[in-house]
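The values are calculated or read from the model by the stated rules, or taken from the named source; none is laboratory data. Just so you know, these numbers come straight off a predicted model, no measurement behind them. Positions of Cβ are generated from backbone atoms using ideal geometry, with glycine treated the same way; all protein chains shown enter the neighbour counts. When the accessible area is computed, the model is the full protein with side chains, heavy atoms only, and any ligands, DNA or RNA have been set aside. Shrake-Rupley method; radii C 1.70, N 1.55, O 1.52, S 1.80 Å.
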Amino acid sequence: MIPKNHPRYESLILREKIKKAHKEGYLAESGMIAHGRGEAFDYLLGEKTIETAYKSIEVGVACLLLAKKSVISVNGNNTALAIENIIELANITNSKIEINLFYRTAKRVSIIKDLFKKYGYYNILGTDDEKLKYINSIDSPRATASEKGIYSADVVLVSLEDGDRTEILTKSGKKVIAIDLNPLSRTAQTADITIVDNIVRAIPLMIDLAKKYKLKSDDCLKNLVNDFSNEDNLKSSLKSIEIKE
Ligand code: ATP
Ligand code: MG
């Protein structure tokens with residue numbers, strides 16, 4: 001039991017969730033390491049949502065609501081930390097959900113599919129290996145996607161994503177929204193809209209905002225997206241990482 005007054009309480013609870021997911025067999029060992037990399041950046045950000053993240057959350061939500069076909073990409077890490085919020089965001093923004101694993105095994109895919117079912121979500125995509133297609137015919141496991149989902153999507157939301165895959169997605173003309181605690185990762189640098197925040201804080205904020213922004217006109221949402229510079233936002237995000245003595 002972690003005592004509630006422990007200074008790292010929230011962070012330790014997340015660690016427990018990651019450890020449990022690994023024990024249950026749907027999160028690869030390297031997923032635990034990826035979590036650790038995120039923790040370090042979160043520490044430096046003060047474990048709070050920074051101003052620039054609020055901005056990119058706003059733009060990311062606008063982009064999801066404007067999409068013809070948006071898909072939320074899931075893996076072991078984001079399933080372990082945010083499954084219920086991911087389902088809620090998908091429902092509110094009319095997005096599909098697709099499994100995409102860096103270390104893909106039939107067992108991990110099946111456990112994640114069943115977990116989503118347990119939380120009431122039955123139509124998860126990307127489960128059938130045979131039916132996966134290769135984006136831009138790139139012969140790499142990083143380029144696979146389901147035809148009904150990411151393959152034909154115009155907007156994709158990724159988190160804890162690999163840089164090579166993010167690049168393939170953006171090069172294929174899709175708009176990529178990335179939630180990534182490291183503003184210097186290749187994913188953060190290549191996405192169209194980067195939210196430098198922890199998924200456990202960012203996704204609930206996206207849900208709240210999506211409820212409000214659903215009432216806004218397309219023109220208003222388009223203005224938000226058009227006025228945004230990811231490059232400038234990332235530069236400002238970097239300034240939030242201050243090493244105080
Ligand atoms: P890239 O391949 O994009 O260059 P990387 O190889 O440096 O990234 P990975 O370990 O592949 O990083 O992916 C994990 C990424 O997810 C890291 O950038 C890490 O900061 C981020 N991350 C980890 N946990 C979280 C979290 N809870 N919320 C948001 N981002 C996270
Ligand atoms: Mg990587």
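E161 meets all of the listed conditions (1) within 16 Å of ligand 2 (Cβ to nearest atom); (2) open to solvent by 20 Å² or more (accessible area, probe 1.4 Å); (3) in a helix (DSSP H, G or I) but one, namely (3). Of everything in segment 189-245 that is assigned to a helix (DSSP H, G or I) and of a type in the set (K, R), the residue that is least open to solvent (accessible area, probe 1.4 Å) is R201. Which members of segment 46-71 meet the condition of being open to solvent by less than 20 Å² (accessible area, probe 1.4 Å), among the hydrophobic types (A, V, I, L, M, F, W, C) and either at pLDDT below 95 or in a helix (DSSP H, G or I) (or both)? Residues satisfying the conditions are A53, I57, V59, V61, A62, C63, L64. One residue is enough: does segment 23-32 have a residue meeting the conditions more than 17 Å from L205 (Cα to Cα), touching a Phe, Trp or Tyr at 6+ places or on another chain (Cβ under 6 Å) and not β-branched (V, I, T)? The answer is yes, given that some residue of segment 23-32 is more than 17 Å from L205 (Cα to Cα), touching a Phe, Trp or Tyr at 6+ places or on another chain (Cβ under 6 Å) and not β-branched (V, I, T).
Answer yes or no as to whether E98 is open to solvent by less than 20 Å² (accessible area, probe 1.4 Å), acidic (D, E) and modelled with pLDDT of 95 or more. Answer is yes for this residue.
So, I168, is that one among the hydrophobic types (A, V, I, L, M, F, W, C), open to solvent by less than 40 Å² (accessible area, probe 1.4 Å) and outside any strand (DSSP E or B) or not? Taking the combined requirement at face value, the residue satisfies it. Can you confirm whether segment 121-140 contains a residue that is at pLDDT below 95, within 16 Å of ligand 2 (Cβ to nearest atom), farther than 24 Å from K23 by Cβ and surrounded by fewer than 23 Cβ atoms within 10 Å (Cβ to Cβ)? Yes, that holds for at least one residue. Looking at segment 224-241, can you tell me whether even one residue there is modelled with pLDDT under 95 and out of contact with any Pro (no Cβ under 8 Å at 6 or more places or on another chain)? Yes, there is a match, as at least one residue in segment 224-241 is modelled with pLDDT under 95 and out of contact with any Pro (no Cβ under 8 Å at 6 or more places or on another chain).
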